[in-house]
Amino acid sequence: MDGDYIIGGVFSIHNYMHTVKHNYTTMPEPLRCTGRIDSRELRFSRAMVFAIEEINKSSKLLPSIRLGYQIHDSCASVPMTVRVAFQLSNGLDSVFYTGDHCTRSGIMMAIIGESGSTPSISMSRVIGSFNIPQVSHYATCACLSNKEQYPSFFRTIPSDQFQADALAKLVKHFGWTWIGAVRSDSDYGNNGMASFLDAAQKEGICVEYSESFYRTHPRSKIQRVADVIRRSTAMVVVAFAASGDMKILLEELSREPSPPRQWIGTESWVTDPDLLRFTFCAGAIGFGIQQSVIPGLRDFLLDLSPTKVAASPVLTEFWEDAFNCRLGKSAATEESVCDGTEDIQTLKSPYTDTSQLRITNMVYKAVYAIAHAIHNSACQKTNSTTQCDKHTRVESKQVFTELKKVNFSQNGYDVSFDANGDPVATYELVNWQKSKIGSIEFVTVGHYDASLPVGQEFRINRNLTWVEGSTQVPVSVCTDSCPPGTRKVLQKGKPICCYDCIPCPEGEISNATDSPDCFPCPKEFWPNAERNKCFPKPVEFLSFDEVLGIILAAFSVGGACLAMITAAVFFRHRMSPIVRANNSELSFLLLFSLTLCFLCSLTFMGAPSEWSCMLRHTAFGITFVLCISCVLGKTIVVLMAFKATLPGNNVMKWFGPPQQRMTVVSFTFIQVLICIIWLVLSPPFPMKNLTVYKEKIILECALGSAIGFWAVLGYIGLLAVFCFVLAVLARKLPDNFNEAKFITFSMLIFCAVWITFIPAYVSSPGKFTVAVEIFAILASSFGLILCIFAPKCFIILFQPEKNTKKHLMNKN
């Protein structure tokens with residue numbers, strides 16, 4: 001249609017171009033489109049006509065100026081798009097005007113189109129050199145935002161960079177980390193998928209496969225892509241594909257049963273009503289351009305009179321294809337002729353479907369954006385009126401400059417461009433849901449607004465339906481999440497989303513899902529069985545409440561009682577020969593020390609404290625030296641007594657009771673002195689032992705100075721050995737009752753116990769170290785009391801006839 005200023009339009013009304021084989025002998029045929037008409041693209045072109053006619057009727061926008069248009073079919077192919085671009089750039093006038101008042105109708109002000117990114121790139125490279133602005137309604141490739149390569153390119157649809165980021169956030173939002181990816185083998189698909197994969201990688205999403213295809217590829221290639229989808233383990237498939245390409249792939253998938261897949265789509269196909277027939281895609285979700293309402297458009301689309309249809313080859317082809325008849329003389333003999341009863345009002349076609357106006361509104365906004373740019377170039381505002389002169393010489397470069405500045409609202413939709421020629425990115429989240437009657441329909445379930453702050457761009461406000469009608473979010477992971485208590489270990493040669501869950505090692509925990517590492521608990525804490533929490537380690541010591549402690553305490557008290565009973569027996573029969581013959585004073589002192597030895601073992605039980613640690617070792621060392629000193633004194637007395645029986649020997653006067661007492665006190669004082677030095681320089685102290693057991697704390701007494709401890713023990717051992725040697729020397733002295741024999745046995749037991757104590761003490765862990773020490777104390781104490789005093793008590797109580805001086809003096 002002619003006008004004062006012309007706007008070009010390029011749409012993919014057909015999806016295929018006739019393939020020409022050049023033989024270089026004849027003139028090549030003109031390029032022409034083939035295949036069926038894309039009713040949706042036809043609606044886009046008609047929406048452009050509607051918008052121009054609406055502007056021409058407006059008294060506010062371009063008053064007194066009439067816009068014209070020329071619309072071309074690009075066949076969705078680059079060769080045809082380039083041809084159309086040159087045709088529009090070269091001018092439209094067939095006659096050269098020489099007059100002064102030409103209408104400039106031959107100059108193209110701007111071009112709307114193309115629908116695909118690859119054809120748009122080709123067109124922009126041609127018309128960009130002439131500063132002719134191009135406003136695309138559907139080309140979303142992020143590459144077109146590069147103003148160095150495409151300086152005159154604008155678009156009313158958001159860049160794929162925003163959509164790629166939104167898709168990655170969508171996939172991450174639902175916890176899908178293992179996905180498949182298919183794309184159109186075009187600038188739209190390749191660049192869009194590259195942006196998505198980059199965003200997905202940042203979100204920690206792994207891609208099992210990434211396949212490309214194109215509608216003109218051989219079927220074997222499409223079959224291979226379909227087979228990859230069928231064999232894959234990823235439940236979710238992200239398709240960054242043009243609507244025409246997606247149609248070919250879905251047709252191939254529908255030929256054979258396929259495992260259920262959750263489809264994630266881009267705006268190119270996820271809102272295409274022609275694809276709703278593929279019911280196995282029910283539950284698909286994706287981002288679409290916002291729905292809109294264009295008043296009067298539906299009436300305009302349906303206003304196709306026979307005259308209008310006959311005047312346009314494209315409308316004629318659409319009419320014949322829609323109603324399966326032929327107009328006029330073009331009908332063959334076997335085909336039916338359109339008789340005028342065809343009613344477009346009842347036609348179910350994407351052309352007549354205005355319930356989901358999305359991309360159509362992008363065309364509508366593109367026309368108005370160009371009109372506003374021409375208005376700002378050709379019109380002057382004086383006072384309250386706007387004057388427009390259709391004879392004003394307006395260059396396409398002026399329109400290009402004014403397009404950068406446009407900022408208006410039409411039908412409630414804002415229109416403006418940023419420095420890259422892109423609009424503000426807003427999307428609707430569209431879900432394919434089954435209606436009550438069983439058909440699939442588009443349902444808006446959320447929104448995405450890139451202009452909002454980070455983290456607030458994405459929101460869902462309705463329930464979604466997933467693959468196979470499920471209401472549960474499908475799971476698509478290479479490996480299930482590692483629970484707390486485990487850590488992730490990547491599987492060799494596989495993406496980072498494929499890993500093994502390894503339990504945390506001993507002493508370490510992980511308290512988060514999919515933790516890459518385990519962390520050690522603090523020193524005094526230990527993991528629970530699940531290894532996801534740290535709890536305080538149980539504190540262990542030899543207590544009076546446990547069985548071992550009760551047994552040892554019972555033997556300790558029992559031993560002390562036995563020593564006191566023995567002392568009572570000796571005191572009751574203190575005047576009897578057997579008691580008097582065995583140095584009753586040392587015997588009572590020995591019994592007293594043995595009582596203390598039995599009782600000192602109780603200090604080793606219970607929770608160690610600073611005082612108990614110092615008391616247990618010093619009390620043990622001093623009481624045992626007192627005990628051994630008494631035994632040693634008795635042994636010396638036996639030796640001296642038998643030496644005194646020799647003629648002329650008066651040795652007993654040198655080892656009488658005072659000397660015996662002094663001997664005991666002297667030996668004991670040395671041990672007291674050792675203990676005092678030990679306590680002053682480096683005393684024992686309570687300590688939490690964390691090294692013996694990893695899972696519990698041993699509360700024990702540290703020696704402070706190991707030299708002090710072994711000095712105390714060594715001194716006891718030295719006295720015991722000395723006593724044992726003397727007892728051995730006196731064991732064969734002739735007398736019916738030779739006490740040296742019993743002392744020998746007692747010292748033999750004593751030494752044996754403490755010699756075995758050393759390796760047992762060193763090797764016993766935790767509270768058993770204390771138990772070994774208590775056992776050694778009790779065993780040696782019982783050895784002394786039983787070997788030295790049991791025979792005497794037996795004679796006193798059960799064989800009184802042997803408790804006479806005569807019997808004791810008899811020699812065997």
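The values are calculated or read from the model by the stated rules, or taken from the named source; none is laboratory data. Bear in mind that the values here come from a model prediction, so they are computed numbers and not experimental data. Cβ coordinates were reconstructed from backbone atoms using ideal geometry, including for glycine residues, and neighbour counts include every protein chain displayed. Calculation scope for accessible area: heavy atoms of the full protein, side chains included, ligands and nucleic acids excluded. Shrake-Rupley method; radii C 1.70, N 1.55, O 1.52, S 1.80 Å.
So what is the relative contact order for the chain, in percent, with contacts set as C-alpha pairs under 8 Å and at least six apart?
On the way: 1454 pairs, mean separation 76.6, N = 812.
The normalised contact order for the chain reaches 9 percent.
Is the stretch 509-583 best put as rounded, prolate or oblate by its Cα gyration tensor, with a ≥ b ≥ c the root eigenvalues, rounded for a/c under 1.5, and otherwise prolate when a/b is larger than b/c, oblate when not? Intermediate values should be presented prior to the final figure.
Working: a/c = 9.45, a/b = 6.16, b/c = 1.53.
Prolate, since a/c reaches 1.5 and a/b exceeds b/c.
Report the full-extension gain for the segment Phe544 to Lys202: residue separation times 0.36 nm, less the Cα-Cα distance, to one decimal in nm. Before the final figure, lay out the partial values.
Values: separation 342, 0.36 × 342 = 123.12 nm, distance 6.09 nm.
Fully extending the segment from Phe544 to Lys202 adds 117.0 nm.
Collect residues whose amide H, placed 1.01 Å from N in the peptide plane, falls under 5 Å from the amide H of Thr140; neighbours closer than 5 in sequence don't count.
Here the answer is Ser117, since their amide H atoms fall under 5 Å of that of Thr140.
Add -39500 (n - 2.57) for each DSSP H run of 4 or more in the chain, then divide by its residues: what number comes out at 222 nm, to the nearest 500 deg cm²/dmol?
Numbers: 21 runs with 339 residues, N = 812.
-14000 deg cm²/dmol, from helical runs alone.
If R₀ is 25 angstrom, what is the calculated FRET efficiency for the pair Ser64 and Gln290, using the beta carbon separation as r and rounding to 0.05?
Working: r = 34 Å, r/R0 = 1.35.
The computed FRET efficiency comes out at 0.15.
Roll a 1.4 angstrom probe over the protein heavy atoms and tell me the percent of accessible area of the chain that is carbon or sulfur. Before the final figure, lay out the partial values.
Working: 22140 of 38060 Å².
Ligands and nucleic acids excluded, carbon and sulfur give 58 percent.
Among the listed pairs Lys172/Lys488; Lys348/Lys405; Lys57/Lys434; Lys147/Lys381, give every one whose C-alpha distance is greater than 30 Å. Each step should come with its number before you reach the end.
Working: Lys172/Lys488 19 Å; Lys348/Lys405 40 Å; Lys57/Lys434 42 Å; Lys147/Lys381 32 Å.
In this structure, Lys348/Lys405; Lys57/Lys434; Lys147/Lys381 lie more than 30 Å apart at Cα.
Treating the angle as unsigned and between 0 and 90°, give the value, to the nearest 10°, between the Cα long axis of helix 584-600 and the longest Cα principal axis of the chain.
The angle comes out at about 10 degrees.
Per-residue HN-Hα couplings for the stretch 226-240, Karplus 6.51 cos²θ - 1.76 cosθ + 1.60 at θ = phi - 60°, whole Hz, x for Gly and Pro?
Per residue, the Karplus-derived 3J(HN,Hα) values read 4, 5, 4, 5, 5, 7, 6, 9, 6, 6, 9, 10, 9, 10, 9 Hz.
Under 5 Å between amide H atoms, partner at least 5 residues away or on a different chain: which partners does His72 have, H built in plane at 1.01 Å?
Gly9, Val10, Phe11
Please work out the FRET efficiency for the pair Ser384 and Val424, using the Cβ-Cβ distance as r and a Förster radius of 41 Å; give the result to the nearest 0.05.
Details: r = 31 Å, r/R0 = 0.76.
Once rounded, the FRET efficiency stands at 0.85.
Answer rounded, prolate or oblate for the stretch 283-409, using the Cα gyration tensor with square roots of eigenvalues a ≥ b ≥ c: rounded when a/c is under 1.5, else prolate when a/b is larger than b/c, else oblate. Don't skip to the answer; put the middle values down first.
Values: a/c = 2.95, a/b = 1.79, b/c = 1.65.
It comes out prolate by the Cα gyration axes.
Roll a 1.4 Å probe over the protein chains and send me the accessible area per residue for the chain in Å². Don't skip to the answer; put the middle values down first.
Details: 38060 Å² over 812 residues.
For the chain, the per-residue accessible area is 47 Å².
How would the stretch 222-366 be classified by its alpha-carbon gyration tensor: rounded, prolate or oblate, with rounded meaning a/c under 1.5 and the a/b versus b/c comparison settling the rest?
On the way: a/c = 3.09, a/b = 1.63, b/c = 1.89.
Note, shape of the stretch 222-366 comes out oblate.
Can you list residues whose amide H is under 5 Å from Thr479's amide H, if they're 5+ apart or on another chain and H is modeled 1.01 Å from N?
Correct list: Tyr499.
Can you match Rg and Dmax of the Cα atoms in Å to one of these, [x] 29.8, 107; [y] 53.1, 172; [z] 30.1, 94, based on a calculation from the structure here?
[y]
Please list 3J(HN,Hα) in residue order for the stretch 170-182, calculated via the Karplus relation 6.51 cos²θ - 1.76 cosθ + 1.60 where θ = phi - 60°; whole Hz, with x for glycine and proline.
Along the stretch 170-182, the couplings run 5, 4, 5, 4, 9, x, 8, 10, 9, 10, x, 9, 10 Hz.
Between the DSSP loop rule and a limit of at most 14 other Cβ atoms within 10 Å, which trypsin sites (Lys or Arg not before Pro) in the stretch 426-498 are left? Please list the in-between numbers first.
Working: sites: Lys434, Lys436, Arg459, Arg462, Arg487, Lys488, Lys492; in loops: Lys436, Arg462, Lys492.
Loop-located and lightly packed - Lys436, Arg462, Lys492.
Gain in length, Phe798 to Cys501, computed as 0.36 nm per residue apart minus the alpha-carbon separation, to one decimal in nm? Could you put the intermediate results ahead of the total?
Working: separation 297, 0.36 × 297 = 106.92 nm, distance 7.58 nm.
In short, 99.3 nm is gained.
Over 22 Å between Cα atoms, which of Lys694/Lys767; Lys60/Lys390; Lys169/Lys202; Lys634/Lys792; Lys494/Lys533 qualify?
Numbers: Lys694/Lys767 14 Å; Lys60/Lys390 15 Å; Lys169/Lys202 10 Å; Lys634/Lys792 15 Å; Lys494/Lys533 31 Å.
Pairs exceeding 22 Å: Lys494/Lys533.
Could you please state, rounded to a whole Å, how far the C-alpha centre of the stretch 146-169 is from the C-alpha centre of the stretch 41-92?
With the stretch 146-169 and the stretch 41-92 each reduced to a Cα centre, they are spaced 23 Å.
What is the extension gain from Ile707 to Lys57, computed as 0.36 nm multiplied by their sequence separation minus the C-alpha to C-alpha distance, in nm to one decimal? Working shown, then result.
On the way: separation 650, 0.36 × 650 = 234.00 nm, distance 11.19 nm.
Going from the current span to full extension adds 222.8 nm.
Where in the stretch 657-696 does the label zone of Phe722 land, with the point 7 angstrom along Cα→C-beta and an amide N cut-off under 20 Å?
Flagged as within label range: 657-678.
Going by average Cβ density within 10 Å per residue, which order do the peptides 197-206, 138-147 take, highest to lowest? All intermediate terms of the calculation are to be shown ahead of the outcome.
Numbers: 197-206: 16.9, 138-147: 22.0.
By packing density, highest mean first, the sequence is 138-147, 197-206.
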